[in-house]
Amino acid sequence: MEKVINFLKRYNIDFTVDDDKIMIIGNVKYVDIGSFPTISIWQGNNEIGFAKYVVYNNLSIRTHARSEVLNLPKSVYAYYEHPFLVLHF
């Protein structure tokens, strides 16, 4: 959880920590519930995404200048509860 918090702080992402959840405020951009479920949100000029893969999950941040991905354990899952992308640890 600490790695995710540091990752979000590095990009000045607005988020709240509540017990075992990190709640990232943003507007939904894209949701795919297909074979590799994905949730993407916008926060200002930043696109924040969570994707679920076979071996790991990942959190990505894309700005106009760069993008970065942080791999997460399969035990971390995400859902969107307006107005937050919620990462549950």
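Data table
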{"read-out": "Rounded to whole Hz, the Karplus (6.51, -1.76, 1.60) HN-Hα couplings of the stretch 4-17, x for glycine and proline", "value": "5, 4, 5, 4, 5, 5, 4, 9, 6, 7, 7, 8, 10, 9"}
{"read-out": "Computed magnitude of the charge dipole of the chain (debye, nearest 20; Cβ of K, R +1, Cβ of D, E -1)", "value": "300 debye"}
{"read-out": "3J(HN,Hα) from dihedral phi, the stretch 38-50, Karplus parametrisation 6.51/-1.76/1.60, rounded to Hz, x for glycine, proline", "value": "9, 10, 10, 10, 10, 9, x, 8, 9, 9, 10, x, 10"}
{"read-out": "Descending Cα extents along the principal axes, the chain, whole Å", "value": "29, 27, 25"}
{"read-out": "Long-range amide H partners of residue 53 with built H, under 5 Å", "value": "58"}
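Here, each number is a calculation from the coordinates, and none is a lab measurement. Keep in mind that this is a model prediction, so the values were computed, not measured. Counting neighbours? That spans all protein chains shown, and the Cβs are built from the backbone with ideal geometry, glycine included.
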